[in-house]
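Okay, structure first, notes after.
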Amino acid sequence: MVRTGSTMQLTRAADYAVRAMVHLATLPEHERTLLPALARATGTPESFLSKVLQTLCRAGMITSRRGQSGGFEILPRGREASMREVIEAIDGPIYINVCMISGASCDRKSYCPAHPFWSKAQEAMLAVLETATVAAMAAESSDPPPNGEAVAVESVENRN
């Protein structure tokens, strides 16, 4: 029997945030894209993506504008953000186990044989997530569109 699930995984919202940030970073600087086009390009449902994008706006990684020249645009801080920063903007701090949370009460910490391994795994995971920036992932991006079809991305140029 093959197990298909694990409790150690990203939330769907964090996954969608990473997809959206990488896609936005592939666009030329100061170019905006509309929600429907971004949802198509990232294979995410519009209603859910809208909530994720609001959170990324509040985190200062992207901006949105309404109207004729509206849409979503990645900010310089968003381009340089690490994968860890994007995930934490959506889900909060990342912990591989509850005993890694500072101040968390775990009576077993001092003598638990697994604790040193959880610590090493936590450090390694965070280090990997820190090294991957949105800009670097966008530069490497070659994701095919859903169903192998070309996706027409509607964008709106910034007309400041």
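When only residues in segment 79-135 that are among the acidic types (Asp, Glu) and out of contact with any helix residue (DSSP H, G or I) (no Cβ under 8 Å at 6 or more places or on another chain) count, which is farthest from Ala59 (Cα to Cα)?
Looking at residues that are among the acidic types (Asp, Glu) and out of contact with any helix residue (DSSP H, G or I) (no Cβ under 8 Å at 6 or more places or on another chain), I get Asp107.
Quick one: Ser102 ticks every box in (1) modelled with pLDDT under 75; (2) surrounded by 11 or more Cβ atoms within 10 Å (Cβ to Cβ); (3) more than 29 Å from Pro28 (Cα to Cα) except a single one, so which number is it?
Single failed check for Ser102: (2).
Out of the residues in segment 58-79 that are small (Gly, Ala, Ser) and out of contact with any strand residue (DSSP E or B) (no Cβ under 7 Å at 6 or more places or on another chain), state the one that is surrounded by the most Cβ atoms within 10 Å (Cβ to Cβ).
Ala59
Hey, among Ala81, Ala139, Ala135, which residue is under 24 Å from the mean Cα position of the chain (by Cα) and under 18 Å from Thr55 (Cβ atoms)?
Ala81
Please indicate, with yes or no, whether at least one residue in segment 15-36 is over 30 Å from Pro116 (Cβ atoms), without any contact (Cβ under 8 Å) to a residue 24 or more places away in the chain and assigned to a loop (DSSP other than H, G, I, E, B).
yes
Among the residues in segment 60-71, are any of a type in the set (A, V, I, L, M, F, W, C) and not in a loop (DSSP other than H, G, I, E, B)?
Yes, some residue in segment 60-71 is of a type in the set (A, V, I, L, M, F, W, C) and not in a loop (DSSP other than H, G, I, E, B).
Considering (1) within 24 Å of Leu129 (Cα to Cα); (2) surrounded by 18 or more Cβ atoms within 10 Å (Cβ to Cβ); (3) of a type in the set (A, V, I, L, M), say which one Ala37 fails and leave the rest.
Unmet for Ala37, out of (1) within 24 Å of Leu129 (Cα to Cα); (2) surrounded by 18 or more Cβ atoms within 10 Å (Cβ to Cβ); (3) of a type in the set (A, V, I, L, M): (1).
The values are calculated or read from the model by the stated rules, or taken from the named source; none is laboratory data. Note that this is a predicted model, so its numbers are computed, not measured. A quick note on method: Cβ atoms are made from the backbone with ideal geometry, for glycine too, and the neighbour counts reach across all protein chains shown.
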